[in-house]
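A short write-up of the structure that comes next.
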Amino acid sequence: MKKEQWIIIGGGAAGLTAAIMLGRAGQKVLLLEQNSRAGKKLLATGNGRCNLSNRTITPEHFHSGDPTFVEQVLAEHSTDTIEKFFGELGLPLVEGKAGQMFPMSLQASAVVEILIHAAEHARVTILTETTVTGITHRENAFVVHAAKQSWQAEKILLTAGSPAAPQLGGSMSGLEFAQALGHTIHPYHPALVQLESDAPWLKRTAGVKIEGNARLYANGEIVDERHGDLLFTPYGISGLAILDLSRTASLALAESAWCELKLNLLPRFSKEQLTQLLLRRIDPASNKPIALWLSAILNKKLVPVLLEQVKCTAKSESELGRKHVNKFVHAIRNFTLPITDTHGFKHAEAAAGGVDVNEVDPVTMESRIMSGLYFGGEILDVVGDRGGYNLHWAWVTGLRVGNYS
Ligand SMILES: Cc1cc2nc3c(=O)[nH]c(=O)nc-3n(C[C@H](O)[C@H](O)[C@H](O)COP(=O)(O)OP(=O)(O)OC[C@H]3O[C@@H](n4cnc5c(N)ncnc54)[C@H](O)[C@@H]3O)c2cc1C
């Protein structure tokens, strides 16, 4: 059996980056990818625009069992590193909203094609449609098995990602290989994902999109709060604010916590301002139905649900008084949605959990348990916030392997 210097398992963001750096350093690299092309998940990132980093890279945007590991990996690797890496590949970056960094063409396909071109230029061999089925270690060498072939390698880099988005290559296999080679695994949970609910009224509100505040409660305690888009769907709720708090929800649900969201549907008004607004709008001579009266300030699909939550018995505007207004204000600021589950790995952009980072050297990304075994990207127990942080992590860990090995 021919012996390779390096075998990289998984041709996503981290695997391609490491392959380029190792190939440039003169290492002989074989990259194995199960999909028909490398970088398939990358093509879907940022809605096809690839939000590949963020101007503000601080450890607080990353979540891991060991925050110190994240700090050590990110040290010296700000956005400048990423701009330099892609700049040298001939791909300039531009900054969008909230510090999000994109390729200037705003096309993820450009990123993927440039990475593959650079890897091939660095003499990396890329084998697609090759699913690794197992890795064994004997006599200072690794043997990598696929359905029809096996290879030997001095060093292995596991960049097989997480189970998020299986339709794009998301898989548990990298994790299973790591575990078989002696690593501790933290269970994966969907992150950056929509949330499901069993509220019976969701069919009526599907499609309503507002800007609001979402507070997540687990067992009655507030555990996360986000502001932004809220989109009601037939199965539950989506929108940027929901994606942002979904990791907390996912972890709470995994611990069997009873979860619910309380939404502030009109966050631009303080409690007092909203009370005054509603009181001013009451015309004692008007027989306007209450639902119509509320539809002037709230999306009309949400109004019947709000009235159900308030258990309102008044029928027309003329019946309203201060007590009703107080109830409406409370309900508008605490619109309640029980949460039963996340929308699952299929819809998740990332996964929390993975290989325990205490068992990995933050400088070289080499296993502390087995010499010659390396990790990069989302397979590790590190997940970033929305906004380019997960790809930043993938590039930086790929660069670390390439630079220090
Ligand atoms: C829809 C969507 C949008 C996203 N948008 C953004 C964004 O805009 N910005 C951002 O920062 N992050 C985004 N992410 C997250 C980001 O894509 C991932 O965090 C990142 O791709 C992880 O890189 P990786 O190299 O670790 O894994 P991946 O990119 O997932 O690569 C892993 C590769 O390993 C291959 N593989 C797995 N198992 C095997 C096996 N047994 N044999 C051979 N090959 C195997 C897979 O096919 C895959 O190609 C998004 C994710 C999704 C799903």
> Taking the condition within 17 Å of residue 21 (Cβ to Cβ) and either not assigned by TED's automatic domain parsing to the domain that holds residue 23 or not aromatic (Phe, Trp, Tyr) (or both), does residue 89 pass?
Replying inline: yes
> When residues of the stretch 48-60 are filtered for being under 26 Å from residue 19 (Cβ atoms) and surrounded by fewer than 22 Cβ atoms within 10 Å (Cβ to Cβ), how many remain?
Replying inline: 2
> For residues in the stretch 110-146 being within 15 Å of the ligand (Cβ to nearest atom) and assigned to a loop (DSSP other than H, G, I, E, B), which is surrounded by the fewest Cβ atoms within 10 Å (Cβ to Cβ)?
Replying inline: 129
> If the Cβ limit is 7 Å and pairs must be 6+ apart or interchain, which residue in the stretch 46-60 that is without any contact (Cβ under 8 Å) to a residue 24 or more places away in the chain pairs with which residue that is buried (at least 16 other Cβ atoms within 10 Å of the Cβ)?
Replying inline: 59/70; 59/74
> Take the residues of the stretch 344-368 that are over 25 Å from residue 254 (Cα atoms) and buried (at least 24 other Cβ atoms within 10 Å of the Cβ): which is nearest to the ligand (Cβ to nearest atom)?
Replying inline: 365
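Yes/no per residue for (1) part of a helix (DSSP H, G or I); (2) at pLDDT below 95; (3) within 16 Å of the ligand (Cβ to nearest atom):
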| position | (1), (2), (3) |
| --- | --- |
| 284 | no, yes, no |
| 305 | yes, no, no |
| 314 | no, yes, no |
| 330 | yes, no, no |
| 378 | yes, no, yes |
>> I'd like the full set of residues that are buried (at least 21 other Cβ atoms within 10 Å of the Cβ), closer than 13 Å to residue 339 by Cα and of a type in the set (Gly, Ala, Ser), limited to the stretch 232-253.
In response: 236, 246, 249, 250, 252
> In the stretch 20-38, is there at least one residue being within 6 Å of the ligand (Cβ to nearest atom), touching a strand residue (DSSP E or B) at 6+ places or on another chain (Cβ under 8 Å) and in a helix (DSSP H, G or I)?
Replying inline: no
> Are any residues in the stretch 380-396 farther than 16 Å from residue 39 by Cα, assigned to a helix (DSSP H, G or I) and near the ligand (Cβ under 9 Å from one of its atoms), and if so, which ones?
Replying inline: 389
> How about the stretch 147-188: which of its residues are assigned to a helix (DSSP H, G or I) and within 13 Å of the ligand (Cβ to nearest atom)?
Replying inline: 166, 167, 168, 173, 174, 175, 176, 177, 178, 180
> Based on what the data block shows, is residue 371 of a type in the set (Ser, Thr, Tyr), more than 16 Å from the ligand (Cβ to nearest atom) and more than 32 Å from the chain's Cα centre (by Cα)?
Replying inline: no
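The values are calculated or read from the model by the stated rules, or taken from the named source; none is laboratory data. Because the structure is a prediction, the values reported are computed rather than measured. Counting neighbours? That spans all protein chains shown, and the Cβs are built from the backbone with ideal geometry, glycine included.
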